[in-house]
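The values are calculated or read from the model by the stated rules, or taken from the named source; none is laboratory data. In this text, all values refer to a predicted model and were calculated from it rather than measured experimentally. Each accessible area value is taken on the protein alone, full model and side chains, heavy atoms only, with ligands, DNA and RNA left out. Shrake-Rupley method; radii C 1.70, N 1.55, O 1.52, S 1.80 Å.
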Amino acid sequence: MKKKRKTCLKSSQQQITSSTTTTSTNYYYLPEECWESIFIFLVKDKDNDFESLSIVSKQFLSITNRLLFSLKICYTMRPLLSCLFKRFTNLTSLNISSYGGDLNKLLIEISCFPLNLTSLNISKQRHFPADGLQAFSGKITTLTSLFCSHMVFFNNSHLFLISDIFPLLQELDLSYNNGPINIHSWKHCNGISEEGIAQMLRKCINIKCLNLTGCSRVKLFGINFVVSNSKLEMLNLTRTSVDDETLYVISKSCCGLLKLRLKGCDYITENGVKHVIKSCTQLREINLRGCSKVHGYIVSYMVFSRPSLKMILAPPCYCFSPKEMKYLSSGGCHIC
């Protein structure tokens, strides 16, 4: 009888252990869609760094490979391009701004892979890689965002090329220099004219975001925005030579603007700002910091005249008491 009791106890212990193992196994083998959601939640504040998760198991490695949509390529990675593109099959964005070698050769090599890229960053280069981009655009026709900021030698012919080979562009960054004007930014700005920007806008009819920060020699007044483009949602004219006349033309032609950045524009006054506020009925954000000729009272005018505004970066001479600020912000517009 005692032996039978031991056998029964042993059998029940095995069943409990088996049940526990099965349960833990079932918890581990979640559907891959669930793991994807968990991984995205875990790394959302860590620039999508999946490295620590990818080394846990082959399954996790496979999942994280699919979740990587952007890749930054440096010079030492060039021999590994084939392996990288086979591993990360869902890439939509490439950043080659830190590549120290021949950008033309790199772009020609990248064009040989079956990629569905929508974003390309070629910023911080001395020369514009025209040959490489032509080869790239011949094979990869899905590009909608191009970043060409901080290029030392950049001119109208490069703008003409961009408009010819990337007609689907929705975002273009031509900015240069976040600080004082220097010899390099002068060369960059000197090569771009209103004619070049106008032609680019005429051909790239889907442009929504245009960044011309630091292009101080371009006034934009000569651009017919009506013909060129009326789909602009974000226009960054920080530290450019735009004036009230230019703002009048822009506000009449680009009524759908959501964001307008005019930081450090020394030639605009509150009159030009009023043109924008009256015409751009969907405007959500405007930056007037450093606009020395814009009077502070324009802030209250903007708040009450354009309810769609959610953020105002005010000009330097505005001054309101805490009580007045609270009242101005009561409609949901953040003023800073």
With no solvent and one equal point scatterer per Cα, compute the Debye intensity ratio I(q)/I(0) for the stretch 194-336 at 0.10 Å⁻¹ and report its log10, rounded to two decimals. -0.31
For the stretch 295-309, Karplus couplings with θ = phi - 60° (6.51, -1.76, 1.60), whole Hz, Gly/Pro x: 6, x, 5, 4, 4, 5, 4, 5, 4, 7, 8, 10, x, 6, 5
Using the Karplus curve 6.51 cos²θ - 1.76 cosθ + 1.60 with θ = phi - 60°, work out ³J(HN,Hα) for each residue of the stretch 319-336 in order, rounded to whole Hz, and write x for Gly and Pro. 8, 10, 6, x, 5, 5, 4, 4, 5, 5, 8, 5, x, x, 9, 7, 10, 8
Amide H within-cut-off set for residue 241, under 5 Å, with H built and near neighbours excluded: 218
Might you tell me the accessible area per residue for the stretch 262-302, computed with a 1.4 Å probe and given in Å²? 43 Å²
Residue by residue through the stretch 126-136, the couplings from Karplus 6.51 cos²θ - 1.76 cosθ + 1.60 with θ = phi - 60°, in Hz, x for Gly and Pro, are 6, 10, 7, x, 4, 4, x, 5, 5, 5, 4
